[in-house]
1. Does region 1-98 come out rounded, prolate or oblate, given a ≥ b ≥ c as the square roots of the eigenvalues of its C-alpha gyration tensor, rounded meaning a/c under 1.5 and, failing that, prolate meaning a/b above b/c?
2. Need one number: nm distance between label points at D83 and E65, each 7 Å from Cα along Cα→Cβ, rounded to one decimal.
3. Per the 1.4 Å probe, what fraction of the accessible area of the chain, in percent, lies on carbon and sulfur atoms?
4. Per-residue counts of other Cβ atoms within 10 Å, averaged by peptide: what ranking do you get for 112-120, 59-67, highest first?
5. Calculate the dipole size of the chain relative to its Cα centre from +1 charges on Lys and Arg beta carbons and -1 charges on Asp and Glu beta carbons; express the result in debye to the nearest 20.
6. Would you kindly calculate the mean projected area, averaged across all directions, of the convex hull enclosing the Cα atoms of region 40-81, in square nanometres?
7. Hey, what's the chain come to in accessible area per residue, 1.4 Å probe, Å²?
8. Can you tell me the order of 32-39, 124-131 when each peptide is scored by its average per-residue count of other Cβ atoms within 10 angstrom, highest first?
Amino acid sequence: MRTLVVEDDFTSRKLLQRFLAFYGECDVAVNGTEAVEAFRESLKRGDRYDLICLDIRLPEKNGHEVLEEIRRIEAERGINGLDASKVIMTTAAGDAKSVCSAFRSQCDGYLVKPYDRSKMAVQLKELGLIKI
């Protein structure tokens, strides 16, 4: 499984990297602009990300903007449905408004900080990325 972790907080980024490195290659981006560029580069190489963990609050472009751009790029290339990268939005905000907004942006899952390894594994299993 190839993963892109998009997180501006160093501690959160390292924790997600540690969790996800167990399942495969894990790249990182620290802001929204870098995330979109990493996604574009993965498509150019023909080695797209299976999973993108995307913080909602990011510098330069927020997570919603990044996700909309990723879904637009996928659509332009005819990548949709089950072929699209799975996106788990991550944030400290677990309120209903934030959750609904994330799913309207076409995310596949939602994780509230602080991260928990077992909750991450459940999300990955539900998305069909791993077997437990």
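1. Details: a/c = 1.59, a/b = 1.20, b/c = 1.32.
Oblate, because a/c is 1.5 or more while a/b does not exceed b/c.
2. If labels sit at D83 and E65, their model points lie 2.9 nm apart.
3. Working: 3460 of 6870 Å².
In the chain, the share of accessible area belonging to carbon and sulfur is 50 percent.
4. Details: 112-120: 14.1, 59-67: 19.8.
Taking the mean over residues of other Cβ atoms within 10 Å, the ranking is 59-67, 112-120.
5. Working: 21 positive and 22 negative charges, 78 e Å.
The calculated dipole for the chain is roughly 380 debye.
6. On the way: hull surface 13.1 nm².
Mean projected area for region 40-81: 3.3 nm², to one decimal.
7. Numbers: 6870 Å² over 132 residues.
It amounts to 52 Å² per residue over the chain.
8. Values: 32-39: 20.0, 124-131: 14.5.
Result, highest mean Cβ count within 10 Å first: 32-39, 124-131.
The values are calculated or read from the model by the stated rules, or taken from the named source; none is laboratory data. Just so it is clear, the structure is predicted and the values come from calculations on it, not from any experiment. Quick reminder, even Gly has a Cβ in these numbers, built from the backbone with ideal geometry, and neighbours come from all protein chains shown. Accessible surface is based on the protein model in full, side chains and every heavy atom, while ligands, DNA and RNA are left aside. Shrake-Rupley method; radii C 1.70, N 1.55, O 1.52, S 1.80 Å.
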